[in-house]
Amino acid sequence: MKEPEVAEIPQVQNEVIAPIVPEIPKPVLTNLNPTGTKVSALSLASIKAKKELEAQQQTFQKHREELPSEVFNETDMLLQWNKFAQKMTDSGKRLLATYMQMNDPTLDGTTITLELPNQSTKEEFLSGCHELMGYLRGKLHNHDISIEVIVNETVENKYAFTPQEKFERLKQINPTIELLRKTFDLDV
């Protein structure tokens, strides 16, 4: 018997080998039982399927101790906060970006505190902040981050509509504007 010939593969000096990443099967939620027939959402088979799905998801989740928890400061947090707000503006989610930019958040340990003007704003912000949490946890390498929203209804911005109100507002910001008005004998 002849031995099979082995072909030699030429070696390339600067070859980059991509790491092999094992594919993690994603849990599939179906409304079919093992026999292939549909299952009612209120049946025992459905409850069993949900329990199996939860068990399958728990096997893929990392334990809390394995998640990173690097130290970060308020400057790093504000930088990532503003980058995410800009990302939301660019993608068309301006409402969340507006809520994020109403006030600068403060940092206390790993708790980010944001002050918003009313309860409805708070509820809308919290309904859309899951993506923000994931972004901040990933960029700051700390999965202990939490966001606390405080409602402060007493702080309201008074908007200036008339020319007199606008002038008064500018005078609060810079009192020397009154000197400018008198020097050039300007009307308000």
Looking at the range 101-113, is at least one residue farther than 29 Å from E66 by Cβ and within 13 Å of the chain's Cα centre (by Cα)? no
Looking only at the range 81-102, how many residues end up being part of a helix (DSSP H, G or I), more than 20 Å from I150 (Cβ to Cβ) and open to solvent by 80 Å² or more (accessible area, probe 1.4 Å)? 5
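So which residues in the range 103-118 are surrounded by fewer than 16 Cβ atoms within 10 Å (Cβ to Cβ) and of a type outside the set (G, A, S), if there are any at all? Before you say what the answer is, go through the steps one by one.
Taking the range 103-118 first, the residues surrounded by fewer than 16 Cβ atoms within 10 Å (Cβ to Cβ) are 103-104, 106, 108-109, 111, 113, 118.
If the condition is that a residue be surrounded by fewer than 16 Cβ atoms within 10 Å (Cβ to Cβ) and of a type outside the set (G, A, S), then N103, D104, T106, D108, T111, T113, N118 are the ones that fit.
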Only one of E165, E123, E178 is exposed (fewer than 15 other Cβ atoms within 10 Å of the Cβ), over 36 Å from the mean Cα position of the chain (by Cα) and at pLDDT 90 or above; which? E178
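Does the range 134-157 contain any residue that is part of a strand (DSSP E or B), among the hydroxyl-bearing types (S, T, Y), within 24 Å of Q86 (Cβ to Cβ) and at pLDDT 90 or above?
As a first pass, look at the range 134-157 and keep what is part of a strand (DSSP E or B): 142, 146-151.
Those left that are additionally among the hydroxyl-bearing types (S, T, Y): 146.
This time we only want the ones that are within 24 Å of Q86 (Cβ to Cβ), so: 146.
When the remaining residues are screened for being at pLDDT 90 or above, the result is 146.
Yes, the range 134-157 contains a residue that is part of a strand (DSSP E or B), among the hydroxyl-bearing types (S, T, Y), within 24 Å of Q86 (Cβ to Cβ) and at pLDDT 90 or above.
Of everything in the range 88-120, what is in contact (Cβ under 8 Å) with a residue 24 or more places away in the chain and not hydrophobic (A, V, I, L, M, F, W, C)? Give them in sequence order. Before the answer, list the steps.
So in the range 88-120, the residues in contact (Cβ under 8 Å) with a residue 24 or more places away in the chain come out as 93, 95-96, 99-100, 104-107, 110-119.
The answer is K93, Y99, D104, P105, T106, T110, T111, T113, E115, P117, N118, Q119.
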Select, from P68, P105, P117, the only residue that is farther than 23 Å from T154 by Cα and not β-branched (V, I, T). P68
Can you find, within the range 103-124, the residue that is nearest to L136 (Cα to Cα) among those that are hydroxyl-bearing (S, T, Y) and outside any strand (DSSP E or B)? T110
Within the range 40-79, track down each residue that is open to solvent by 80 Å² or more (accessible area, probe 1.4 Å), modelled with pLDDT under 85 and assigned to a loop (DSSP other than H, G, I, E, B). L42, Q61, K62, H63
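Just wondering, is there one or more residues in the range 80-96 that are modelled with pLDDT of 55 or more and in contact with a Gly (Cβ under 7 Å, 6 or more places away or on another chain)? Can you show your working first?
Taking the range 80-96 as the starting set, the residues that turn out to be modelled with pLDDT of 55 or more are 80-96.
Next, only the ones that are in contact with a Gly (Cβ under 7 Å, 6 or more places away or on another chain) stay: 96.
Checked against the condition, which is being modelled with pLDDT of 55 or more and in contact with a Gly (Cβ under 7 Å, 6 or more places away or on another chain), the range 80-96 yields at least one hit.
Checking the condition of a type in the set (S, T, Y) and closer than 13 Å to W81 by Cα, which residue from T113, T121 passes? Lay out the reasoning, then the answer.
Values: T121 fails: closer than 13 Å to W81 by Cα.
Answer to the selection: T113.
The values are calculated or read from the model by the stated rules, or taken from the named source; none is laboratory data. Model, not experiment: these values are computed from the prediction. Here Cβ is always computed from backbone atoms with ideal geometry, including for glycine, and neighbour counts include all displayed protein chains. Note: areas computed on protein heavy atoms with side chains; ligands, DNA, RNA excluded. Shrake-Rupley method; radii C 1.70, N 1.55, O 1.52, S 1.80 Å.
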